[in-house]
Every structure is written in C-alpha cells, then in structure tokens.
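The values are calculated or read from the model by the stated rules, or taken from the named source; none is laboratory data. Because the structure is predicted, anything quoted here is derived from the model rather than measured. Glycine also receives a Cβ, built like all others from the backbone with ideal geometry; neighbour counts cover every protein chain displayed. Surface areas here come from the heavy atoms of the whole protein model, side chains and all, with no ligands, DNA or RNA. Shrake-Rupley method; radii C 1.70, N 1.55, O 1.52, S 1.80 Å.
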Amino acid sequence: MSMLTRRMWLRLGVQSLGILGAGSCLGRLSRLCAAVPSTPDYKGLVCIFMLGGNDGNNLIVPMKTDAQSYADYLGVRGATLGLPQKTLGLIPAANGKEAYGLHPQLSPLRELYNQGKLAIVANVGTLVKPITKAEYQQGGPVPLNLFSHSDQQQQWQMATVPGAPHNGWAGRAADILWALNSPSTFPVSVSTAGNSLFLTGERPQASLINGALGLDGSDGSIAGNARDAAFQHVLKFQTGMSLIQKANQVTADGLEAAEELNAALSLGPPLKTPFPASSLGQQLEQVARIVNVRNNLGVNRQIFYVSLGDFDTHTDAMPRQNMLLGDVAASMAAFYSATAEMGLERQVTTFTESEFGRTLQPSSGAGSDHAWGSHHLVMGGAVKAADLYGRFPVLGLQGPDDVTGRGVWLPSISLDQFGATFASWFGVPDDSLAKVFPNLANFTPPKLTFL
C-alpha cells in the first residue's frame, strides 16, 4: 500500500474544508516524539458506521426464546425479506436456553462469537429519556427528526442535548484523555472516512480528520511536485482574512501530520494479515497499520472512525444487504486477526453504529423503511462473554415494542448507555462520563456489562 503523500493531503485541503464547518480544530502537530516502550495500558476504539440505517432485523433473528421463535419473525417478514431458517448461523445465548441466528453472510463473525470475542447489543437507539409506547404515541419527548438520515447520523455521533457544543462523543472522550498520550502531540482520534462529527472535540490535540488516508497515491512527477509546491506557497500567503488563514493552517497541519505519520509507518514492520480489497477493508487495514506504529507515534489512546454506505435498503434489500454484511464480516474478521497478530486483541474494541433500524414489515419495493431501535456488534478480546445483551424486541406488529404498527422498535437501550460503556472501558472516569454524555443521568444503569 502506498505511503500517505502530500498530494493526498492537498486534495483533502481543497475538498474537505467542511471540516471547519463541523467545528473541528486541528492544532499544529510537532515532530514525532521519540519512540516509547510499549505499554500494557494502550487502548483503541474503532467505530464502524453503517450509513443509511442497517436492517438489524436480518442481522440477528430469534430462533427460540421465551417470548418468540423464528416463526414470529417469518410471519411478518415473509418471503420478501425473511431469511430462510436453514441459512442462519446458530448462536446460543449465554443462559443456554435461548438461541439466535446470525445473517448467513456473517459466518466469519459467528466464529468469533463462538470464541467469546463477539457480542450483540440488542435494540439500541437515540432517546431523550426512557419513554413508553403510550407516551410516544401521545407525543412524548423523542429525539429531533427521529427518522431523518442526517439528523440521526448527527445524533448517533454527538449523543448530546440541545444547546450543547456541536461536537462528537468520541471527541469529548478524547478531550478528557488526550494527556495520556503526552508528550506525543499526535491526535488521539483519526477518521479514514472524511469529515467526522463523531471525533470532533475542543482540544487541538484530539482529532485528525482526513478523507484520503492512503487510499490513492501520487504519481511523483515533476509536474505533480511543482503543483504541490505552488499549493504550499498559497498556504503561506498572508491574506489578512482570519477564516482563510485558519483554513490554510488546518491544511498545512494536515500536510505535516501526513509526513509524521509516514515517518512512523516507515519504521513499523509490515502486517501479515490480508484484508479485503473493499473500501471498508482498506479503511480497517489503514487503522491496523496506524495501531501497529503506536509506539513510534508515542500514543496510549486512539479512537478511529470508519464508515460504509448504502444501507438505506428501501428496495432490493436482500441482495444489497448480503453484499454489505459480507463486506462487514470479512473486514471485521480481518481486523480482529490483525489485532491478534499485534498481540492487542484485548486492547482494541470495535463496534458498529447506524442511524436507525428498519421496519420489520417489508415495503412495496422488496425492502424496508426507516425505523428506530436496532442491534449492534461489539468485537474484541475485551468482550465479557459471547451473548446477546439487552432485551430483544417482541417481533409482532402492534406488539408491545412496536410504536407505529409497522415494526418500529422502541429502543430498550439508549445510545448514551451504549456509548458510555465504551468510554468507561477506554478510561474515562465515572465522574466524567456526564461530560461525554450529558443525557446519561436519565438512564439506569448508566453502563452495560458487555465489556
């Protein structure tokens, strides 16, 4: 894979000045600190955001529980969206009494579940406070624009309250813990998927957001180098306009960061683990390569954001989700293998997010529509036990968990509780969790037990 080049960052500088609009702040990075000995205190978090609203109803299916069975699922989904029972990957719950089936494309993750390295967290969603079905139907408090892609993507990344700073919960966690990386000034947080509100914080040392991290190369031509030099001249030109100078400084800092990261990568041994050639696979390979040179960067805490799109499956859901979840499973499994190769499988935790789930009832186009609560994956050696955490919704139209009559699940776990569990594992003290999740006091318990 090619090194990170100046031209990648120049391209970023031209295309991604929207970073400023999201409020991200990128301080001037110093030269790489001297390599420090590896510490057992290293921890990394990796968020995989499935853009579009993943259909969690086909991610995991109840096979036999106290409340329902596969027949309840199939009775609503039918042949249009129902996965054949024989294709599902059977996984037992930790209580030994219940069983679920993973989507057939998730077989690599089923193997990790059987090894105790994967957990499923059921029916997570954005909430203002705990709310009943009756309260919802009477106009009780719910998140703003509940079924809007853009609004819910923001809320999943922000986990905040109205009037609070426009930044992300991972960025706020990085703000609290950035000093653990001292004396290194390399950012705690890195996005391989462009502008990420999720990582945006207040401290300059906290985040490095980029959109071209190693995904394409430079031709190294004289003309290309001349263009780079010309762009450098533009960055240094004093316009007298503060906004332009700030934009120039962000881009210049990105160029310096690329050089420093390249220097660290050049010192690190190559990883042997192969990754899929997909966008998600390549993003996770980049994350693995950066984690692999953590000692050269002098960091003890890192947060990464990667993403995969096209989960808005209003039509042709079955073939599209087959392809998408196959990519997710292969890429996640490769990433876990890479952490094991580095001896960090217990120190790196990977999890999924998506702006909402989808209706259990199919739509007219052989797909499903925007819903609310959904199920998510947590992967790593720090997983407490292979299990389904939380309460699985009752899969019945007009049932106790369906707020609209189409299979829209009222979340039983808030995003705040879900995220606080990761933040706490990452090292955020309990008395600082409210700074990361201002709404957390509304929910009991504040943290879950999957890590």
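A few notes on this one:
- Solvent exposure of E341, expressed as accessible area, is near 80 Å², computed with a probe of 1.4 Å over the protein chains only.
- Per residue accessible area of segment 108-211, 1.4 Å probe, in Å²: 38
- 18 Å reach of a label modelled at K435, 7 Å along Cα-to-Cβ, counting backbone N of segment 167-202: 167-182, 188-189, 199-202
- Solvent exposure of segment 300-451 amounts to 30 Å² per residue of accessible area, where only protein heavy atoms count and the probe is 1.4 Å.
- For Y389, the residues 5 or more places off, or on other chains, whose built amide H falls under 5 Å of its own are I120, V121, A122.
- Note on A79 and L397: the extension gain reaches 112.8 nm, defined as 0.36 nm multiplied by sequence separation minus the Cα-Cα distance.
- Cα→Cβ-extended label distance, 7 Å offset, between L267 and V161, nm: 4.5
- For segment 316-451, relative contact order (Cα pairs under 8 Å, six or more residues apart, normalised by length) works out to 20 percent.
- Accessible-area composition of segment 57-155, carbon plus sulfur, in percent [1.4 Å probe]: 50
- If the chain linking T315 and K97 were pulled fully straight, counting 0.36 nm for each residue of separation and taking away their Cα-Cα distance, it would gain 74.9 nm.
- For segment 288-418, with all protein chains in place and a probe radius of 1.4 Å, 50% of the accessible heavy-atom surface sits on carbon or sulfur.
- Loop-located trypsin sites (Lys or Arg not before Pro) in segment 82-126, at most 10 other Cβ atoms within 10 Å (DSSP): K97
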